[in-house]
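The values are calculated or read from the model by the stated rules, or taken from the named source; none is laboratory data. Worth saying up front: this structure is predicted, and the values here are computed from it rather than measured. Cβ sites come from the backbone with ideal geometry, for glycine too, and all protein chains shown count toward neighbours. Quick note on the areas: whole protein, heavy atoms, side chains included, nothing else; ligands and nucleic acids left out. Shrake-Rupley method; radii C 1.70, N 1.55, O 1.52, S 1.80 Å.
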Amino acid sequence: MRMQKRILALLLCALLTLPALTACGDSTSAETDGTETNTAVETGTEETEVTRATTPDTLPDDLDFAGTTLNIFYFGQETSAQYDGPAELTGDVVMDALYNRNLSVEERLNVKFNWVKGADGWDVFPTEVMTLLQAGASDFDFIIEENSRLFQQSIQGYFFNLMDKPYIDLDQPWWYNDLMEESSLDNSKRYFLTGDICLTTLFGASATFFNKELFINYFDDENILYEQVQNGEWTMDTFMEYCRSIATDLNGDGAYDDNDLLGFRYEQWGIPNYMSMSTGIEYSTRDSEGFPVLNIYNEQSLTWADTLYKLLYTDNMAVAGDKIATFENEKSLFLLGQLSTSHELRNTNFGFGIVPYPKLSENLEYTSAAATANGCGVGVPVSAPSDKLDATFAAIEALCAEAYRKVTPAWYETALKIKYSDDAIDAQMVDLIYATIGSPFIMMADKAIGTGSVFTYAVYGAASEGTFTSYWEKNENKFNTSLAKTIEDYKALDTSGN
């Protein structure tokens, strides 16, 4: 079913006549835009247009929680604190949208948010959270934390299952259901949620930026690339061919370095991981009980490992270097990053386009999973005050819905220079990226079982192709044992009351 919905999503996105940034089919996608009609709701004899900004939720209109204060513990890391937590009116479009989101939800539900900032360290904040969870503290009604940490903590029984709680409607377009499905240990439950409620997960979505002027100079028309994306032909082979074709020894010294024109630049932690999680390969399956089974070592993965080696070390497609600086200096045709990379591209003197990451082969699906595991989601501790749970569940749904309607569009317009009313092809590409936000299980579970960087460890710095086999032979038992122990411990938990 998920595959069928995703195929439909991609087919819909391939239609050039679609309004920009509209629905791409499944529950991860934006089903409406800010200006065009997507759905008609019949009221009597009239039809009312439903836009993204007016997409209704299923919360009752008469909810009133009598001024209940909800205490929210949020990650203090700079980007998360800025975009996933409280905000002030500053004149910045996105900050003002966040402020107004929080205020409107408070007024709608008659609640008061008390935002408590946690540590800014990637390891320190989870330690703070675990201290509270292990103590059974009732200090906080919900927690905003990095998705992979929420996974790690949730499988230890510290959070409520939010799949069947009142007011939370996971069929709505503001929830990233593909990501949550892939990143759950037991898919009959959802112990943490991620969606538009936290912008940082969106920020981690894969995005390939390309220099339009360079592309036109070498390949005549940037629409060639856009059409390949829409036709499902944007593959690693296509990407590599562009990279090979553009390689130019600008200074004529017979070697390729940062002074020359290349397809892209890379560093150890980032490009190998980001690309490996966004190939379209599914690195796990599910057993009869719905639990994950590692499927990392297979024909597709071996092909990808060899492809990754070629990308990094052969045919002059790339060299190690500063991917932002070389792109801005027009020495790289492509920049493999995330949507948030747009924040760092303010100094470009040329027009650039945005497309998804290439997939390994045409029969696979685009997957925008570069750094989504490092974005934030929400969890509700089982020790949270029981008399405020209904208010908490309603607030989570309302915050996510209002972010979908107002905050995400504001970020697109300011960071990506794309409006929902704009039917330009770049807007359709961003819509496709949004529609395919996900994360392979092996990356989301990295903090718990250590599988997230298998291709980087196996391929980065390798002397030749074919190193993945020996790496896997050395580590297969460790990974499978770790996952089996994790599932065994999880099954032993009494989560019936969660």
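Only a single item in (1) out of contact with any helix residue (DSSP H, G or I) (no Cβ under 9 Å at 6 or more places or on another chain); (2) open to solvent by 10 Å² or more (accessible area, probe 1.4 Å) is not met by D260, and it is number (2). Do we find that T131 is without any contact (Cβ under 8 Å) to a residue 12 or more places away in the chain, open to solvent by 80 Å² or more (accessible area, probe 1.4 Å), within 26 Å of Y490 (Cβ to Cβ) and not in a strand (DSSP E or B) in this structure? When the stated conditions are applied, T131 passes them.
How many residues does the range 206-245 contain that are assigned to a helix (DSSP H, G or I), in contact with a strand residue (DSSP E or B) (Cβ under 6 Å, 6 or more places away or on another chain) and of a type in the set (V, I, T)? Number satisfying all stated conditions: 1.
In this structure, S464 does not qualify as under 23 Å from the mean Cα position of the chain (by Cα) and assigned to a loop (DSSP other than H, G, I, E, B). Residues of the range 163-213 that are surrounded by fewer than 22 Cβ atoms within 10 Å (Cβ to Cβ) and among the β-branched types (V, I, T): I168 alone. Mind checking whether some residue in the range 374-382 is more than 17 Å from the chain's Cα centre (by Cα) and open to solvent by 10 Å² or more (accessible area, probe 1.4 Å)? Within the range 374-382, one or more residues are more than 17 Å from the chain's Cα centre (by Cα) and open to solvent by 10 Å² or more (accessible area, probe 1.4 Å).
Across the range 51-75, the number of residues qualifying as open to solvent by 10 Å² or more (accessible area, probe 1.4 Å), in contact with a strand residue (DSSP E or B) (Cβ under 7 Å, 6 or more places away or on another chain) and under 19 Å from T194 (Cβ atoms) comes to 2. Restricting the search to strands (runs of 3 or more DSSP E) fully inside the range 281-384 and requiring at least 2 residues that are in contact (Cβ under 8 Å) with a residue 24 or more places away in the chain and more than 30 Å from F159 (Cβ to Cβ) gives 318-320, 334-338, 352-355. In the range 330-351, the residue that is most open to solvent (accessible area, probe 1.4 Å) out of those that are at pLDDT 95 or above and more than 23 Å from the chain's Cα centre (by Cα) is E330. Scanning the range 113-123 for any residue that is of a type in the set (G, A, S), surrounded by 22 or more Cβ atoms within 10 Å (Cβ to Cβ) and touching an Asp or Glu at 6+ places or on another chain (Cβ under 7 Å) turns up at least one such residue. Pairs are defined by a Cβ separation below 9 Å, a sequence spacing of at least 6 or placement on different chains, a first member in the range 251-277 that is assigned to a loop (DSSP other than H, G, I, E, B), and a second member that is of a type in the set (A, V, I, L, M) and open to solvent by 40 Å² or more (accessible area, probe 1.4 Å); the pairs so defined are N259/L250; D260/L250; E267/A320; Q268/A320. Only one entry of K478, K417, K406 meets the criterion of being among the charged types (D, E, K, R), open to solvent by 10 Å² or more (accessible area, probe 1.4 Å), part of a helix (DSSP H, G or I) and in contact with a Ser or Thr (Cβ under 9 Å, 6 or more places away or on another chain), and that entry is K406.
I'd like to verify a number: residues in the range 286-306 that are of a type in the set (A, V, I, L, M), open to solvent by 50 Å² or more (accessible area, probe 1.4 Å) and either touching a strand residue (DSSP E or B) at 6+ places or on another chain (Cβ under 6 Å) or under 16 Å from D446 (Cα atoms) (or both), how many? Residues in the range 286-306 being of a type in the set (A, V, I, L, M), open to solvent by 50 Å² or more (accessible area, probe 1.4 Å) and either touching a strand residue (DSSP E or B) at 6+ places or on another chain (Cβ under 6 Å) or under 16 Å from D446 (Cα atoms) (or both): 1 in total. Restricted to the range 76-98, and to residues there that are within 10 Å of C198 (Cα to Cα) and not small (G, A, S), the residue that is surrounded by the fewest Cβ atoms within 10 Å (Cβ to Cβ) is Y83. If I filter the range 316-324 for residues that are buried (at least 22 other Cβ atoms within 10 Å of the Cβ) and closer than 22 Å to M95 by Cβ, do I get at least one hit? There is no residue in the range 316-324 that is buried (at least 22 other Cβ atoms within 10 Å of the Cβ) and closer than 22 Å to M95 by Cβ.
For the range 189-201, indicate whether the set of residues that are free of Cβ contacts under 8 Å to residues at least 12 places away in the same chain and farther than 30 Å from T54 by Cβ is non-empty. Taking every residue of the range 189-201 in turn, none turns out to be free of Cβ contacts under 8 Å to residues at least 12 places away in the same chain and farther than 30 Å from T54 by Cβ.
Got a number for residues in the range 234-257 being more than 23 Å from G351 (Cβ to Cβ) and either in contact with an Asp or Glu (Cβ under 9 Å, 6 or more places away or on another chain) or surrounded by fewer than 21 Cβ atoms within 10 Å (Cβ to Cβ) (or both)? Adding up the residues that qualify gives 12.
Taking the stated definitions as given, is N217 of a type in the set (S, T, N, Q), open to solvent by 70 Å² or more (accessible area, probe 1.4 Å) and either modelled with pLDDT of 95 or more or within 23 Å of I433 (Cβ to Cβ) (or both)? For N217, the condition - of a type in the set (S, T, N, Q), open to solvent by 70 Å² or more (accessible area, probe 1.4 Å) and either modelled with pLDDT of 95 or more or within 23 Å of I433 (Cβ to Cβ) (or both) - is met.
Take S361 and tell me if it is open to solvent by less than 30 Å² (accessible area, probe 1.4 Å), farther than 30 Å from V129 by Cα and either at pLDDT 95 or above or in contact with a Phe, Trp or Tyr (Cβ under 7 Å, 6 or more places away or on another chain) (or both). In short, no.
For the range 421-450, the candidate set comprises residues that are buried (at least 24 other Cβ atoms within 10 Å of the Cβ) and part of a loop (DSSP other than H, G, I, E, B); within that set, the residue that is farthest from the chain's Cα centre (by Cα) is A445.
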